[in-house]
Structures are given as C-alpha cells and as structure tokens.
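K.L.:
Questions regarding the structure given below will be posed in turn.
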Amino acid sequence: MLLNRIEYALMNNPVRAAIQRHLEARRLLQMGGPLRGGYALEIGCGRGVGGQIILERFEAATVDAFDLDPRMVRLARKRLEPFESRVRLWVGDATAIPAPDSTYDAVFDFGIIHHIPRWRSAIAEIHRVLKPNGRFYAEEVLKPFVDHPISRRLFEHPRTDRFDREEFCKGLTEEGLDLIATKEVMQSFAWFVADKRAAG
C-alpha cells in the first residue's frame, strides 16, 4: 500500500530520520546485536535512512533494499550514493521478494508490515529469504494505533486483519521464526527480533 500525502511528508523529514536512527535502530541493536559483515535486506526502504543505519550502525557489509513507491527508491538511491558499491535498490513488493531461498543473514522492517494487507505473506517471504539462523529485526505499528479514530482519519492503512504484539509474535512463530526479544510501548508500537529456525 502506497503512503498518502500526509504519511509521505511524515516519512520524509529530519524528525522521522532522527527517531529511526536514535530510537528505533538503537532499540533493535540493543535487542538483537550488530550484523558485522553480513548480507542484509531492508523491506520498504523509504528514502534510504534505514539502509544507511544498517550499514553504519549494524555494520552490514552489503544491503539490498526495495520500496513499493518509485519516488522513495529514487530518494534512497540519492542518499545511499556514497555506499553505491555496497547497496542494491529496486521497486518491489514484500510479498514477492525476488531473491532465492536462504539468501540473507538478516532482514530489517522499519515500520512497513502494518501497511501490507496480506502481512502474513510478507512474513512468509522474509522467512524464505533468510538463511537458517538468520535474524529478523522489526519495528512495527500495532492495531490500537492503526484503529485509533485520529489515525484512521489521517493515514491510509489496511483496515482488516491488523495485529497487536501477541498476534505478530504468533505470526512469526507460525512461519518458523523463533522470537529472541520483543518490547512494546503504549500498546501502539513494538520491536521484535527473531531468528529463522535451522532445518532439522
């Protein structure tokens, strides 16, 4: 689902970048540790702030990243130009990731899955492209926020089959991802770190 004008403006400003860098990423790093030298994927890359964080803060060697919105991919390409040899960007959909099975050491989700109508399909794809013991880092917006009357008025979110923290954890587990850590704030925002179960 593409962002509406309000969401687009909110995602493309220095305040959002600061929150992503100093709150969301720091929390995920504390919960799941770095990815030194790893091969990472970011779903819904936006304007490239997440990709830069994955390279600099999580210490990934290379990052693949995509977004449903071509405008965002253009902005990400510009931001990540200094890392050009370590980044691959494309327009894409988290429910159909064009990568072979067991490709990535880690997958990152900075608040994207709640925008996806078939969010369980996105988790299934994340599981598929992760290597065994690969790590999933996620920051997500939960059902109480999505369903709040003000949010419903301002933002374009899918209305059916939304998740709270427990439902998201269940979705991870059912797809073969073992939860390592989770934290929640005000029943509206949550962080998750989970590892892909090794075969056998």
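The values are calculated or read from the model by the stated rules, or taken from the named source; none is laboratory data. Fair warning: this is a prediction, and the values are worked out from it, not measured in the lab. Cβ: placed from backbone, ideal geometry, glycine included. Neighbour counts: every protein chain shown.
K.L.:
What do you reckon, is G32 at pLDDT 95 or above and closer than 21 Å to T182 by Cα?
P.N.:
The answer is yes for G32.
K.L.:
Counting only residues that are more than 14 Å from the chain's Cα centre (by Cα) and either of a type in the set (F, W, Y) or at positive phi (or both), how many does the range 105-144 have?
P.N.:
Count: 1.
K.L.:
Would you check if R86 is under 30 Å from T160 (Cβ atoms), over 16 Å from the mean Cα position of the chain (by Cα) and of a type outside the set (V, I, T)?
P.N.:
no
K.L.:
Another question, if that's okay. May I ask you to list the residues in the range 78-126 that are among the aliphatic types (A, V, I, L, M) and assigned to a strand (DSSP E or B)?
P.N.:
Listed by number, the residues that qualify are V87, L89, V91, A106, V107.
K.L.:
Going by what's in this entry, would T173 be described as exposed (fewer than 15 other Cβ atoms within 10 Å of the Cβ), modelled with pLDDT of 95 or more and not in a loop (DSSP other than H, G, I, E, B)?
P.N.:
Yes.
K.L.:
Please state which one of G92, G134 is in contact with a strand residue (DSSP E or B) (Cβ under 6 Å, 6 or more places away or on another chain), closer than 20 Å to R26 by Cα and surrounded by 13 or more Cβ atoms within 10 Å (Cβ to Cβ).
P.N.:
Sole residue among the options that is in contact with a strand residue (DSSP E or B) (Cβ under 6 Å, 6 or more places away or on another chain), closer than 20 Å to R26 by Cα and surrounded by 13 or more Cβ atoms within 10 Å (Cβ to Cβ): G134.
K.L.:
Pairs under 8 Å by beta carbon, first residue buried (at least 24 other Cβ atoms within 10 Å of the Cβ) in the range 35-50, partner part of a loop (DSSP other than H, G, I, E, B) and not aliphatic (A, V, I, L, M), six or more apart or different chains?
P.N.:
L35/F58; L35/E59; A40/F58; L41/T103; G44/G111; G46/N12; R47/N12
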